[in-house]
Amino acid sequence: MRSPLLDTPGAVAADAPDQAVAAHYGELYAEQRALAAGEALVDRSNREVVRISGPDRLTWLNNLSSQKLDTLTPGTPSQTLLLDPQGRVEHHLTLVDDGASVWAHVEPGTAGPLIAFLEKMRFMLRVEVTDMTAEYAVVTVGGPGAGAPAAAPSDVIAIGEDLLVQRERLAGLPAALGLRPAGLWAYEALRIEAHLPRLGFDTDHKTIPHEVGWIGAAVHLSKGCYRGQETVARVHNLGHPPRRLVFLHLDGSADTLPPHGAPVTLGVSTPREADPEAAVEGTAEPGQIGFVGSSARHHELGPIALAVVKRTVPVDIDLLAGGVAATQEVVVPPDAGRNVTIDPALRRRIR
């Protein structure tokens, strides 16, 4: 559903799957600075909105998903995951309960499969699941983690810094709130800076929660059973996730950013130094040890990215991300999981 804010002078549409909203409005870095200061609004109306009503909604969601939701108090934002039986992430929900319904927003194109799964799991419980995307749009005030804005209208649904507003109000919302519009590129740069993964960008079909840092934020480790919980418990108590999320500082002299899915390889000078056994399963790229998730140009940090790499990659080694030189910062440590100790060899630079 194309956003009316794309008609704003200077607006440039984002790439798929975000093509229904603006990437920027002609002033990328100014938009980022304003967003970081809480003085801008990001149109994220391409995200889809689901409402779950009924007296059994919280206990039902608690039993299905990774977060503890049965004691969720009205107005408290939360996140949860739906996993497959092997513990791989299928859906990521950002949600709030308003006392009568749970409101959640999800990635573009995922509400249909999510609702289809939830409908199969209703049984005789008193719940009703409704796709509200046609009626409500997601906008974000301030950068990720900014919290609910003080000036938010009383008739919107606040999920932290995210607001669910009636779509008919979207075109006039920046002026009504006294905020400048900022494009999705501004939001993505601040999200990457905050080390926050995005489903479908910084994840793939094999991702488990430990790999991208969703433990705590979207996964409660001591709640009851749910689909995929065995994998979460096994990794937490007995071992390591096979991969880990890293933050990359990219070489600023490169003309382009590495695209989503670009191979990450060891930043070594000769091919023989790369470990041929380190290639990621299912890839044909020699020496590939991961993939680029999201990348952006930050108004202070320059070009940055998130990537997923093999757990055994040393934490201080330089990498190549789509051919662009990169240094890494640890997001998920190699020793993720409770009863394990990091191998000292992982801290030594490969020569």
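The values are calculated or read from the model by the stated rules, or taken from the named source; none is laboratory data. Just so it is clear, the model here is predicted, and its values are computed rather than measured. Quick reminder, even Gly has a Cβ in these numbers, built from the backbone with ideal geometry, and neighbours come from all protein chains shown. Heads up: the accessible areas ignore ligands, DNA and RNA and are worked out on the full protein's heavy atoms, side chains in. Shrake-Rupley method; radii C 1.70, N 1.55, O 1.52, S 1.80 Å.
With a Förster radius of 45 Å, plug the Cβ-Cβ distance of residue 135 and residue 222 into 1/(1 + (r/R0)^6) and report the FRET value to the nearest 0.05. Don't skip to the answer; put the middle values down first.
On the way: r = 37 Å, r/R0 = 0.82.
So, using R0 = 45 Å, E works out to roughly 0.75.
Inter-part distance, the range 205-246 to the range 1-27, computed on C-alpha centroids, equals 35 Å.
Classify the range 38-94 as rounded, prolate or oblate from the Cα gyration tensor: take a ≥ b ≥ c as the square roots of its eigenvalues, call it rounded if a/c is under 1.5, otherwise prolate when a/b beats b/c and oblate if not. Don't skip to the end; give the middle numbers.
On the way: a/c = 2.09, a/b = 1.37, b/c = 1.53.
Oblate shape, in that a/c is at least 1.5 and b/c is the bigger or equal ratio.
For the range 29-86, the relative contact order works out to 21 percent when only alpha carbon pairs closer than 8 Å and six or more residues apart are counted. If a paramagnetic tag sat 7 Å from the Cα of residue 76 along the Cα-Cβ line, which residues of the range 46-70 would have the backbone N under 14 Å from that point? Answer for the range 46-70: 58-59, 62, 67-70.
Rounded to the nearest 20, the size of the Cβ-charge dipole of the range 68-180 about its Cα centre is 100 debye, with Lys and Arg at +1 and Asp and Glu at -1.
Fully extending the segment from residue 121 to residue 312, taken as 0.36 nm per residue of separation minus the present Cα-Cα distance, adds 64.9 nm.
Mind checking the per residue accessible area of the chain for me, 1.4 Å probe, whole number of Å²? Kindly include the intermediate steps, with their values, before the conclusion.
Details: 15250 Å² over 351 residues.
That works out to 43 Å² for each residue.
Tally up the carbon and sulfur contribution to the accessible surface of the range 24-174 as a whole percent, 1.4 Å probe, everything protein left in place.
Working: 3040 of 5910 Å².
Whole-percent figure for carbon plus sulfur exposure: 51.
The stretch between residue 19 and residue 98 holds 25.4 nm of extra length on full extension. This uses 0.36 nm per residue minus the Cα-Cα distance.
In terms of its alpha-carbon gyration tensor, the range 38-187 comes out prolate; a/c meets the 1.5 threshold, and the first ratio a/b outweighs b/c.
Report the gain in length on full extension from residue 8 to residue 330: 0.36 nm times residue separation, minus Cα-Cα distance, nm rounded to one decimal.
Numbers: separation 322, 0.36 × 322 = 115.92 nm, distance 3.88 nm.
Result for the pair: 112.0 nm of gain on full extension.
Relative contact order, percent, of the range 1-123 when contacts are C-alpha pairs under 8 Å separated by at least 6 residues? Walk me through the intermediate numbers first.
Details: 183 pairs, mean separation 23.9, N = 123.
Worked out over the range 1-123, it gives 19 percent.
Taking Cα pairs under 8 Å and at least six residues apart, what relative contact order does the chain come out at, in percent?
Values: 805 pairs, mean separation 62.0, N = 351.
The value is 18 percent.
Taking the chain as a Gaussian network, Cα atoms linked when under 10 Å apart, which of 118, 61, 82 shows the biggest mean-square fluctuation? The residue that fluctuates most here is 118.
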